[in-house]
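The values are calculated or read from the model by the stated rules, or taken from the named source; none is laboratory data. Since we're looking at a predicted model, the values are computed, not measured. Note: ideal-geometry Cβ built from the backbone for every residue, glycine included; neighbour counts use all protein chains shown.
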Amino acid sequence: MESLIGIGLAGGQGIRCRPLTLKANGIMRAKAAVRFLGRRIVDWLLAELSGQGIAEVLMVTKGEENHNQIHSLVGDGESLGVHIRYSPHHLDHENSGSGDALLTNLDYFDVTTPLAFVFPTDSILDFDLPAMLEAHRRSGAVVTIAVARQSAEVIAGQYGLIDQDAENRVRGFLEKPSLKDIYTHFAGRHHRDNELPPLLTNTGFYLIDTAALRNLSGDSQVAARRRRQLDIGGDLLPWLVAAQYPVYTHEVRRMGDLGNIPSYLATMATALQGHFPSVERWLLPDAFQQQRLFIDPTSLEMPDPISHRTLREKLALGLVKLRAPVRIGKYVIIHPGAVLSESNIDDECDIQEHAILHRTSVGEGSRIGPYSSLTDVVTGGIVEIQSTRQDPVTMSGFTAIGDGVVVQHGAMLHNQVTVFPRIRITAGVRVPARMEIQSPEQLYRLLPSREERGSIPQFCAYEPIGQLAMPS
């Protein structure tokens, strides 16, 4: 599409998705570099944009480390079918927000391409770009916002809410409203019996008229805002609407937010279930597939050191149970008695005997010890869960484990526990809900006495029903 350029906004700090956005304590990982179903988020995005006709991309980064990480991942974009240019270091640190960064780089690169597709690097989108382009041109919009429908309960406190007229022209915004605010705002318009239908949320993806936005640089009000703070969603778009610029919406099929752990896991499950076509077409195309079971051929032939049987044989004999959907990457070893459901296992992992994983994503090179139970968990790479039959490790409730973490036998981590990279969780520790463990010192006061350990109830593990048998 010669009239369209892509602009990636890759400068956010990714605080909501820690520890996945940490390489080590104090060393940030670019949001674009976080892995999702075996690939970096930026790879998913660029492959999809290339597939929909975008050949030129400007990548707006923030700081030297962020810039270098993304550049090392995708380079000039040739392998992904696009040509990438990067925002300059000397301008990145001066930006007062995503809106300011956008306007700065439109001018710096002297963008004359009529339209730009602006995208974040912590979300994926299932959409039809030609249809969005047609709607944008038909409406005469300065900005067209890609919107998706979410329930009021999901929106509350998490996402921006959009109010529009019958022609899809935006009238106003509610920025991360409470549930009470949502019902108050829409009272009498949509809901009956104290219920609301799914409402429109801003996905963070936009089609923009580049000339119109470049002209804003000369506006005194915009210039004053840029000196303070100018984000796209919270500042620029509300100003455009208040100034009577035409801002419209275009509804997309689905948005996958990967910016926090609950949303990450929900998007993973949705994609594995087949409800995300833009992910589906790039998901292990050469893998064995049966009833939403995606297994790399190398893993099918990997024997374990206990039974010496391959995964193919164990599936046929019922020694490993899978409940679709499941994705298994390359060179993964799965021991007898393991049960996996609605989960993703990245390359070169070792899932040991009788481990139970439900709605869990395991980072590459990790070892999940015997009799461990993980439900609603995300781990980084090279994580070691040292579970035993006598003292199993249990984790659940949107718990997130950073790269290189070791969890010793008997540890319990439930209800939104976050563990920063390279930390060792001591045997028998029961970590309080919502605790963020940034250093080993935080664990000392949690160590139970021998008497207390005996009184801790065992976590009730999820037990999937049924199995998928591999044909011979």
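Taking the criterion of being among the charged types (D, E, K, R) and either farther than 15 Å from Asp347 by Cα or part of a helix (DSSP H, G or I) (or both), the residues of the stretch 319-332 that qualify are Lys321, Arg323.
Note on the stretch 156-237: enclosed strands (runs of 3 or more DSSP E) holding 1 or more residues that are in contact with a strand residue (DSSP E or B) (Cβ under 7 Å, 6 or more places away or on another chain) and loosely packed, with under 13 Cβ neighbours inside 10 Å are 170-174. Among the strands (runs of 3 or more DSSP E) confined to the stretch 1-83, the ones with at least 1 residues that are at pLDDT 75 or above and under 23 Å from Thr112 (Cβ atoms) are located at 4-9, 56-60. Within the stretch 383-407, if we keep just the residues that are touching a strand residue (DSSP E or B) at 6+ places or on another chain (Cβ under 6 Å) and assigned to a loop (DSSP other than H, G, I, E, B), the residue that is surrounded by the fewest Cβ atoms within 10 Å (Cβ to Cβ) turns out to be Gly397.
Mind listing whichever residues of the stretch 343-373 are surrounded by 23 or more Cβ atoms within 10 Å (Cβ to Cβ), touching a Lys or Arg at 6+ places or on another chain (Cβ under 9 Å) and part of a strand (DSSP E or B)? Residues satisfying the conditions are Ser343, Asn344, Ile345, Ile351, Ser361.
Report yes if some residue within the stretch 224-231 is within 30 Å of Arg39 (Cα to Cα), under 29 Å from the mean Cα position of the chain (by Cα) and modelled with pLDDT of 80 or more; otherwise report no. Taking every residue of the stretch 224-231 in turn, at least one turns out to be within 30 Å of Arg39 (Cα to Cα), under 29 Å from the mean Cα position of the chain (by Cα) and modelled with pLDDT of 80 or more.
Condition first: of a type in the set (A, V, I, L, M) and at pLDDT below 90. Can you find one or more residues in the stretch 299-308 that meet it? No, every residue in the stretch 299-308 fails to be of a type in the set (A, V, I, L, M) and at pLDDT below 90. Every condition in (1) under 20 Å from Trp44 (Cα atoms); (2) crowded, with 23+ Cβ neighbours inside 10 Å is met by Arg85 except one, and the failing one is (2).
A Cβ distance below 7 Å, combined with a sequence gap of six or more or placement on separate chains, defines the contacts here; from the stretch 50-73, residues that are in contact (Cβ under 8 Å) with a residue 60 or more places away in the chain reach residues that are part of a loop (DSSP other than H, G, I, E, B) and not polar (S, T, N, Q) in the pairs Gly53/Met1; Ile54/Met1; Ile54/Val82; Ile70/Ala10; Ile70/Ala30. Within the stretch 238-250, the set of residues being in a helix (DSSP H, G or I) and among the β-branched types (Val, Ile, Thr) comprises Val241 only. Could you check, for the stretch 159-181, whether at least one of its residues is touching a residue at least 24 places away in the same chain (Cβ under 8 Å) and closer than 22 Å to Val111 by Cα? No, the stretch 159-181 has no match at all. Report yes if some residue within the stretch 117-136 is touching a Ser or Thr at 6+ places or on another chain (Cβ under 6 Å) and assigned to a loop (DSSP other than H, G, I, E, B); otherwise report no. Scanning the stretch 117-136 turns up no residue that is touching a Ser or Thr at 6+ places or on another chain (Cβ under 6 Å) and assigned to a loop (DSSP other than H, G, I, E, B). Applying the set (1) among the charged types (D, E, K, R); (2) over 16 Å from Val378 (Cα atoms); (3) under 22 Å from the mean Cα position of the chain (by Cα) to Arg424 leaves exactly one unmet item: (3). The residue of the stretch 113-151 that is surrounded by the most Cβ atoms within 10 Å (Cβ to Cβ), among those that are of a type in the set (Val, Ile, Thr) and modelled with pLDDT under 90, is Thr121.
For the stretch 253-291, filtering for residues that are part of a helix (DSSP H, G or I), surrounded by fewer than 18 Cβ atoms within 10 Å (Cβ to Cβ) and modelled with pLDDT under 80 leaves 1. Taken residue by residue, the stretch 304-318 has no member that is of a type outside the set (Val, Ile, Thr), touching a residue at least 24 places away in the same chain (Cβ under 8 Å) and in a strand (DSSP E or B).
Only residues that are on the phi < 0 side of the Ramachandran plot and at pLDDT 80 or above: list them for the stretch 152-169, please. Leu161, Ile162, Asp163, Gln164, Asp165, Ala166, Glu167, Arg169 - these are the residues of the stretch 152-169 that are on the phi < 0 side of the Ramachandran plot and at pLDDT 80 or above. So, Asp92, is that one more than 27 Å from Ala141 (Cα to Cα), in the same structural domain as Arg35 (by TED's automatic domain parsing) and either touching a Cys at 6+ places or on another chain (Cβ under 8 Å) or surrounded by 20 or more Cβ atoms within 10 Å (Cβ to Cβ) (or both) or not? Spelling it out, Asp92 is indeed more than 27 Å from Ala141 (Cα to Cα), in the same structural domain as Arg35 (by TED's automatic domain parsing) and either touching a Cys at 6+ places or on another chain (Cβ under 8 Å) or surrounded by 20 or more Cβ atoms within 10 Å (Cβ to Cβ) (or both). Just one of (1) modelled with pLDDT of 90 or more; (2) of a type in the set (Gly, Ala, Ser); (3) surrounded by 22 or more Cβ atoms within 10 Å (Cβ to Cβ); (4) in contact with a Ser or Thr (Cβ under 7 Å, 6 or more places away or on another chain) fails for Ala316. It is (3). On the stretch given as the stretch 408-437, residues that are hydroxyl-bearing (Ser, Thr, Tyr) and either assigned to a strand (DSSP E or B) or not assigned by TED's automatic domain parsing to the domain that holds His354 (or both) total 1.
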